[in-house]
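Derivation of every value follows stated rules applied to the coordinates shown; laboratory data play no part. These figures come from a predicted structure and were not determined experimentally. With ideal geometry, Cβ positions are generated from the backbone for all residues, glycine too; neighbour counts draw on all protein chains shown.
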Amino acid sequence: MKILLFGKTGQVAKELCNRPNVTAIGRDKADFTEPQKIIEIVKSTDADIIINAVAYTSVDLAEEEFELANIINGTTVKELAKVSASRNIPFLHISTDYVFKGDGNLNWKTTDQTNPQNSYGKSKLIGESGILEAGGPHVILRTSWVFSSHGNNFVKTMLRLASNNNELSIVKDQIGGPTCAKDIANALWKIASDFYAGNGITGIYHFSGKPNSSWANFASEIFSQSQQDIKIKQILTKDFLTKAKRPLNSRLDCSSLRIDYGIKQPEWKKGLTNVLANLK
Ligand SMILES: NC(=O)c1ccc[n+]([C@@H]2O[C@H](COP(=O)([O-])OP(=O)(O)OC[C@H]3O[C@@H](n4cnc5c(N)ncnc54)[C@H](OP(=O)(O)O)[C@@H]3O)[C@@H](O)[C@H]2O)c1
């Protein structure tokens with residue numbers, strides 16, 4: 001199975017790029033602000049599967065740079081999906097819980113109405129729509145709260161803040177599933193293998209770590225596992241102003257991925273243990 005992976009440096013890309021028969025292409029050769037280059041790469045690839053781990057992920061900055069976010073997460077993804085479909089190459093793409101409004105307290109199903117509340121979520125939804133329109137074999141894997149030992153993420157932010165603070169204010173009313181990047185890579189690998197074997201099922205799927213948690217509880221687990229005595233002041237989203245609106249409810253119903261691909265939700269606390277060990 002030959003895989004063409006867009007992205008080399010991101011959290012998920014790093015977990016995939018060194019696996020056997022993966023050709024990873026970084027920004028130097030495939031800049032997502034230049035869709036034509038991406039199209040040419042796909043036209044000449046001999047890959048069996050294409051995975052896109054590239055995204056504009058600066059959620060707050062996207063409120064200002066929405067045009068750039070729309071190109072990287074929207075227009076180029078649409079072109080990538082179109083050219084992949086024209087060659088009948090399965091296209092695996094990662095999306096986000098931010099495509100939902102984020103209200104209520106039920107787990108979002110893959111069939112629920114999307115209604116993104118910020119520019120990043122809107123740009124990711126443009127990408128999703130482009131993939132559906134392209135009509136080729138594909139999987140859109142929506143995930144949430146990604147962490148790993150590299151890149152920027154909540155775990156690394158907490159560890160950095162803990163080095164100069166005894167007390168931290170952390171939001172308690174946003175609930176979601178923290179997801180280890182390595183677990184996402186493993187899920188994509190299984191999906192890719194199934195497509196390669198002729199058993200891939202096209203569709204939108206959800207994948208997040210379990211159990212659901214608040215950011216405050218996630219922080220508490222990070223400090224407990226890293227044996228740091230940090231007091232957490234639990235605050236509300238309304239008291240923690242950010243440029244981009246964040247969904248309160250990021251719970252994802254991951255059952256269809258288990259049914260169609262046999263992929264179970266990973267326990268994020270185990271993923272956290274591994275990430276903290278790698279960071280030591
Ligand atoms: N992070 C989260 O909490 C989260 C939550 C839900 C869903 N997701 C989704 O999960 C996927 C993977 O996220 P991640 O956390 O691994 O992302 P990440 O660590 O922020 O990595 C983003 C990747 O995109 C590349 N990139 C950005 N702009 C580019 C451009 N113009 N041309 C080429 N490459 C470009 C970056 O390369 P450079 O190093 O060159 O910038 C980097 O490799 C994304 O689709 C994201 O939307 C993430």
| remark: Counted neighbours (other Cβ, 10 Å), sorted fewest up, put His93, His138 in the order His138, His93
| Cα-based Rg and Dmax for the chain, where Dmax is the largest Cα-Cα distance (Å) | 18.3, 56
| note | Percent relative contact order for the stretch 1-59, counting Cα pairs under 8 Å at least six residues apart, stands at 49
| query | For Tyr56, Tyr120, what ranking results if the residue with the fewest other Cβ atoms within 10 Å of its Cβ goes first? | reply | Tyr56, Tyr120
| query | Kirkwood hydrodynamic radius (Cα pairs, Å) of the stretch 172-277? | reply | 15.6
| request: Select from the chain the helices, each a whole stretch of DSSP H, whose alpha-carbon atoms run 20 Å or more along the helix axis and whose Kyte-Doolittle mean is at least 0.0; answer none if there are none. | output: 181-196
| message | Please rank Asp183, Asp60, fewest neighbouring Cβ atoms within 10 Å first, as an exposure proxy. | response | Asp60, Asp183
| For the stretch 67-134, rounded, prolate or oblate, judged on the Cα gyration tensor with a ≥ b ≥ c (square roots of eigenvalues), a/c < 1.5 rounded, else prolate if a/b > b/c? | oblate
| Which FRET efficiency, nearest 0.05, do Gln234 and Asp103 yield, Cβ-Cβ r, R0 22 Å? | 0.60
| With labels modelled as points extended 7 Å from the Cα through the Cβ direction, what inter-label distance (nm, one decimal) is found for Leu241 paired with Lys190? | 4.4
